[in-house]
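Student: Structure provided below as structure tokens; questions to follow.
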Amino acid sequence: MRILAAMSGGVDSAVAAARAVEAGHDVVGVHLALSRAGGTLRTGSRGCCTIEDAMDARRAADRLGIPFYVWDFSERFRDDVIDDFIAEYRAGRTPNPCMRCNERIKFAALLERAIELGFDAVCTGHYATLVEGPDGLELHRASDTAKDQSYVLGVLTAEQLAHTYFPLGSTPSKALVRAEAAERGLTVAAKPDSHDICFIPDGDTRGWLAERVGTTSGDVVDRSGAVVGSHEGAHAYTVGQRRGLSLGVPAPDGKPRFVLEVRPVSNTVVVGPKEALATAEIAGERYSWAGRAPGTGDFPCHVQIRAHAEPVPAQATLSGDLLTVRPETPFDGVAPGQTAVLYDGTRVIGQFTIDRTRSAVPAPA
């Protein structure tokens with residue numbers, strides 16, 4: 001196949017490209033420039049899309065003997081990922097920018113251009129596997145459950161999966177990938193993994209949002225609506241947060257209170273006891289299927305609501321445009337804007353953005 005290898009400058013994408021070459025494919029490497037003002041150097045494991053990353057990707061491509069290009073996707077990234085991130089926080093939701101990047105950049109914009117240029121597939125260093133099932137191609141968890149990235153790939157559709165290539169999915173551990181990189185003479189063999197939000201390299205999400213969303217003071221209220229404190233910007237709070245609430249009125253039982261809800265229209269933050277974080281139901285209208293759709297009605301599944309969360313047995317119901325999921329045991333602290341990925345064993349069924357939640361603990365009358 002003609003393969004376009006997305007090379008971030010890290011060890012995973014470099015080894016994935018090397019395996020594609022070794023498998024006999026016609027491989028071209030590409031690095032995506034996602035920032036118009038990318039930094040020169042990384043800070044340890046923080047940062048992404050720096051000049052250093054681009055040079056690391058080029059050195060890996062040179063070592064593999066494949067053509068290499070840098071494509072400027074900064075405008076698309078700003079519109080589809082960064083602006084979406086800001087808009088979601090303004091609406092009181094907690095978005096996952098990695099999901100948006102996979103959905104709209106790596107497997108939409110990049111894949112579209114790759115197909116236009118005559119490539120058969122895009123190769124990445126994600127840890128996930130593709131299996132030919134009875135109803136077509138299926139997306140499954142990676143062999144290394146500790147590194148499994150099927151959750152952040154849950155946004156991919158059957159059509160996109162047909163043009164993807166994940167060479168690392170069957171690798172038992174990340175240590176073996178690093179060892180292989182060293183054996184191949186790739187200089188990124190010991191390079192730290194990146195983490196946090198790539199466009200907020202210092203990790204200060206609250207400060208970054210304050211500069212772009214602004215700060216407007218408002219009330220912190222309990223579940224009965226009584227004012228128990230104040231805030232300087234609702235966007236700085238997320239469901240499940242305990243610290244930094246600055247409450248002026250203690251709880252009647254003296255126990256800590258947690259953020260239960262952010263209401264952007266009234267600019268209020270709702271707090272309450274930890275047990276009220278238990279979520280009995282989640283639902284959303286923005287869903288997609290990673291292969292065969294399950295059809296309308298009820299179906300059993302496992303649901304994962306964070307990249308490293310344990311999947312929970314649940315019952316899902318698709319009725320019209322609404323997908324509703326009820327876990328066997330309540331989720332803990334779910335926020336609108338998060339992504340729920342549905343599984344059947346190791347197979348990804350699909351995903352949806354959580355629009356609404358229902359607490360397992362009714363509010364006091």
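Student: Quick one: putting +1 on the C-beta of Lys and Arg, -1 on the C-beta of Asp and Glu, what dipole do you get for segment 130-260 around its Cα centre, in Debye to the nearest 20?
Tutor: Computed charge dipole of segment 130-260: roughly 480 debye.
Student: Still on this structure, I have one more. On C-alpha positions alone, give me the angle between the axis of helix 11-22 and the longest principal axis of the chain, in degrees, nearest 10.
Tutor: 40 degrees
Student: Which order do 85, 258 take when ranked by solvent-accessible area (1.4 Å probe, heavy atoms of all protein chains), largest first?
Tutor: If we order 85, 258 from most to least accessible, we get 258, 85.
Student: Using a probe radius of 1.4 Å on heavy atoms only, what accessible surface per residue do you get for the chain? Whole Å² is fine.
Tutor: 45 Å²
Student: Tell me the accessible surface of residue 228 in square angstrom (1.4 angstrom probe, heavy atoms of protein chains only), to the nearest ten.
Tutor: The accessible area of residue 228 comes to roughly 10 Å².
Student: Residues of segment 263-279 with the amide nitrogen closer than 18 Å to a label point 7 Å from the Cα of residue 332, along Cα-to-Cβ, please.
Tutor: So the set is 272-279.
Student: Hey, which lysines would be in cross-link range of residue 255, C-alpha to C-alpha under 23 Å, not counting anything within fewer than 8 residues on its own chain?
Tutor: Qualifying lysines at Cα under 23 Å: 274.
Student: Report residue 183's accessible area, 1.4 Å probe, all protein chains in place, as a number in Å² to the nearest 10.
Tutor: Solvent-accessible area, nearest 10 Å²: 150 Å².
Student: Excluding residues on the same chain fewer than 8 positions from residue 147, give the lysines whose Cα lies under 26 Å from its Cα.
Tutor: Within the straight-line limit of under 26 Å, residue 147 reaches these lysines: 106, 174, 191.
Student: Length gain on complete extension for the stretch residue 135 to residue 193, per 0.36 nm per residue less the alpha carbon to alpha carbon distance?
Tutor: On the way: separation 58, 0.36 × 58 = 20.88 nm, distance 3.56 nm.
17.3 nm is the gain from fully extending residue 135 to residue 193.
Student: Still on this structure, I have one more. Among 166, 201, 185, whose Cα lies farthest out toward the positive end of the dipole of segment 151-235, if unit charges sit on the beta carbon of Lys, Arg (+1) and Asp, Glu (-1)?
Tutor: Positive-most Cα among the choices belongs to 185.
Student: Compare the Cα positions of 6, 250, 314 along the charge dipole of the chain (+1 at Cβ of Lys, Arg; -1 at Cβ of Asp, Glu; about the Cα centre) and return the one farthest towards the positive end.
Tutor: Going by the Cα projections, it comes out as 250.
Student: Connecting C-alpha atoms closer than 10 Å in a GNM of the chain, tell me which of 253, 80, 204 has the biggest fluctuation.
Tutor: Between 253, 80, 204, it is 253 that shows the largest mean-square fluctuation.
Student: Right, something else. Calculate how steeply helix 51-64 sits against the longest principal axis of the alpha-carbon atoms of the chain, using the helix alpha-carbon long axis, and give the answer as 0 to 90 degrees to the nearest 10.
Tutor: Long axis of 51-64 versus the principal axis of the chain: about 40 degrees.
Student: Between beta-carbons, use under 12 Å as the cut-off and find the net charge around residue 327, counting Lys and Arg +1, Asp and Glu -1. Present the calculation step by step, with values, prior to reporting the outcome.
Tutor: Working: positive: 326, 358; negative: 281, 310, 328, 332.
Its environment carries a net charge of -2.
Student: Arrange the residues 8, 74 by how much accessible surface each exposes, largest first, with a 1.4 angstrom probe.
Tutor: Numbers: 8 65, 74 5 Å².
Listed by decreasing accessible area, they come as 8, 74.
Student: Which sequence of 140, 163 reflects their accessible areas, 1.4 Å probe, from the largest down? It would help to have the intermediate numbers written out before the result.
Tutor: Working: 140 30, 163 60 Å².
The ranking, largest first, comes out as 163, 140.
Student: A follow-up question, please. What does the extension gain come out to for residue 78 and residue 162, with contour length at 0.36 nm per residue minus their alpha carbon separation?
Tutor: Values: separation 84, 0.36 × 84 = 30.24 nm, distance 2.70 nm.
Answer, rounded to one decimal: 27.5 nm.
Student: Considering only 143, 359, 271, whose Cα is most displaced toward the positive end of the charge dipole of the chain, charges sitting on Cβ of Lys, Arg (+1) and Asp, Glu (-1)?
Tutor: Value computed over the given set: 271.
Student: Ok, one more. Here are several values of semi-axes √(5λ) of the Cα gyration tensor in Å: [x] 42, 29, 18; [y] 27, 25, 20; [z] 38, 25, 17. Which one was derived from the coordinates shown?
Tutor: Given [x] 42, 29, 18; [y] 27, 25, 20; [z] 38, 25, 17, the calculated one carries the label [z].
Student: Still on this model: For residue 238, what accessible area in Å² do you get when you roll a 1.4 Å probe over the heavy atoms of the protein chains, rounding to the nearest 10?
Tutor: Here the residue's solvent-accessible area equals roughly 40 Å².
Student: How large a share of the accessible area of the chain, in percent, is made up of carbon and sulfur atoms when the probe is 1.4 Å and the other protein chains stay in place?
Tutor: Carbon plus sulfur share of accessible area: 51 percent.
Student: So what's the net charge close to residue 315: Lys and Arg +1, Asp and Glu -1, counting the other residues with Cβ under 11 Å from its Cβ?
Tutor: -2
The values are calculated or read from the model by the stated rules, or taken from the named source; none is laboratory data. These numbers come from a predicted model, not from an experiment. All Cβ positions, glycine included, derive from the backbone under ideal geometry; neighbour counts span all protein chains shown. Note: areas computed on protein heavy atoms with side chains; ligands, DNA, RNA excluded. Shrake-Rupley method; radii C 1.70, N 1.55, O 1.52, S 1.80 Å.
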